[in-house]
Amino acid sequence: MLDEAVRRGAGPVTVPETIDVAGGEVHWVERPGGIKLRVATFGDPNAPNGWCAVLPGYTEFIEKFLETVEDLRARNYAVMLHDWRGQGLSSRMVADRHKGHLDRFETHRDDLLAIWDAFGLGSNASTVFAHSMGGHVALLAEAARPGLIGRAVMLAPMMGIAPPGMPVGLARALTSGFCALGLSETYVFGGAGYEPGRRPFEGNRLTNDRGRYERFHRLIAANPELAVGDPTLGWVRAAFRSLAMTDKPGWLEQIKTPLLMISAGQEKIVNNAALETATERLPNAEIVPIAVAGHDLMSETDETRAEIWAAIDRFLERTKG
C-alpha cells in the first residue's frame, strides 16, 4: 500500500501524494460532448494573494504538482490546478488512454477559460504558474481575453518544439501528410504507450533529481489511469499549427502581461532558441536561465529549486498589485 505522503531524503520536507492529504478539494467541470475536466482547489479563495492558477504540461496531472501547491500556499496563495482533457483523470480523447491526442490547441484554451469562468477567474486570472505546454495555452487564453492574466511565471514554456532526430520543417511536413491520410490518432514516429521501465532515471530528459522523478512514476503506479504515453500525430500537428500562429508578426507583441520566462540549461523537450526569440518579442517579458536544470524545472534538485524560487519571488514582489 502506497503511503499517502512521502518523505524525501533526511530533511523535514514531506510531499503529499494525494489531493486529500494536501488539503485540496476535487471538482468536475463539464464541457460539450460529455467531456469532464478534473479540477482541484487548495486553500481559502480569500487568501492574501488571491488565486494562483497552475497549468501543467503534457502528460502531467494534479498530483504531480502537490509540492508546488505547498510552495505557493506558503506564499499566501489559494491554488487551482486541473487535468487537461486527454490527461490525468479528465476525459480522454481516444479509446487508448495512453495516447496523448488533441485536435487543436484552441480546445485546451477554451477548456481553460471554461474552468476559470466556473470559478470566477474568467475576467481576472491574476497570477498564473505554467509549465511547458501550459505556458503556450496561457498565452492563447490571454490573446482571447486581453488583460485576463495579471502576471505569469512560465517554466520552460512551449514556444517551439524540438523533434528528436529530424529537422523541424521535415517533421512538420511528415506530420501533416500522415494526418491527411487519416492517421492523426497514430502515435508519433517511434512512439508508444506509457511503460515505467521504458523511462529509467538514468538518461532521462527531465530532471537531475532521482527522488522527484521516481515520485512521478510511483504516482502512476498507484493509479495507472493517470498514465499518458507519447503524443499522436494529431497532437503534434495541433502543436505545429498553434506555434505557427503565435510566430506570426504581431501575435506575441499583443501580449502585454508581465511574464517571467525560466529556461532550462539542459533542455531537450522544447526549443530554447524559440523561447529566447519569443521573449524578445513579448513587450513585458524577461528570461532567467537556470544552467543546471532539465525541462521539468519544479522537479529539480533542492538546490536548483531554491534558485528558481528566488527568481520567482523577485518577480512576484516586483509585479504585485
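The values are calculated or read from the model by the stated rules, or taken from the named source; none is laboratory data. As the structure is a prediction and not an experimental result, all values here were calculated from the model. Virtual Cβ from ideal backbone geometry, glycine too; neighbours counted across all protein chains shown.
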How about the range 217-241: which of its residues are surrounded by fewer than 22 Cβ atoms within 10 Å (Cβ to Cβ) and over 17 Å from Gly177 (Cα atoms)?
-> His217, Arg218, Leu219, Ile220, Ala221, Ala222, Asn223, Pro224, Glu225, Ala227, Gly229, Asp230
Those residues that are among the basic types (Lys, Arg), farther than 12 Å from Leu206 by Cα and part of a loop (DSSP other than H, G, I, E, B), I need them from the range 265-320; list them, please.
-> Lys320
Just name the residue that is nearest to the chain's Cα centre (by Cα) out of those in the range 45-68 that are farther than 18 Å from Leu112 by Cβ and hydrophobic (A, V, I, L, M, F, W, C).
-> Leu66
Check whether at least one residue in the range 244-251 is surrounded by 20 or more Cβ atoms within 10 Å (Cβ to Cβ), touching an Asp or Glu at 6+ places or on another chain (Cβ under 8 Å), modelled with pLDDT of 95 or more and under 28 Å from Phe178 (Cβ atoms), and report yes or no.
-> no
When the range 71-93 is examined, which residues are found to be touching a Gly at 6+ places or on another chain (Cβ under 9 Å) and either buried (at least 19 other Cβ atoms within 10 Å of the Cβ) or of a type in the set (D, E, K, R) (or both)?
-> Leu72, Arg73, Tyr77, Ala78, Val79, Leu81, His82, Trp84, Gly86, Gln87, Arg92, Met93
Filtered residues of the range 78-114 (kept if charged (D, E, K, R), under 20 Å from Val188 (Cα atoms) and touching a residue at least 12 places away in the same chain (Cβ under 8 Å)) | Arg85, Asp96, Arg97, Lys99, Asp103, Arg104
Quick one: which residue in Ala5, Ala53, Ala74, Ala40 is modelled with pLDDT under 95 and among the aliphatic types (A, V, I, L, M)?
-> Ala5
Expected output for the range 263-285 (first residue touching a residue at least 60 places away in the same chain (Cβ under 8 Å) and surrounded by 15 or more Cβ atoms within 10 Å (Cβ to Cβ), partner acidic (Asp, Glu) and in a helix (DSSP H, G or I), Cβ below 9 Å, 6+ apart or cross-chain) is Ser263/Glu276
What is the residue count in the range 178-217 for residues that are in contact (Cβ under 8 Å) with a residue 60 or more places away in the chain and within 19 Å of the chain's Cα centre (by Cα)?
-> 11
Return yes when Pro163 is surrounded by 13 or more Cβ atoms within 10 Å (Cβ to Cβ), in contact with a His (Cβ under 9 Å, 6 or more places away or on another chain) and at negative phi and no when it is not.
-> no
Considering residues that are among the β-branched types (Val, Ile, Thr) and either farther than 20 Å from Glu267 by Cβ or exposed (fewer than 15 other Cβ atoms within 10 Å of the Cβ) (or both), the number found within the range 166-191 is 2
Test: Glu106 is farther than 17 Å from Tyr58 by Cβ and charged (D, E, K, R) | no
Of Gly122, Gly50, which residue is within 26 Å of Glu307 (Cα to Cα) and surrounded by fewer than 20 Cβ atoms within 10 Å (Cβ to Cβ)?
-> Gly50
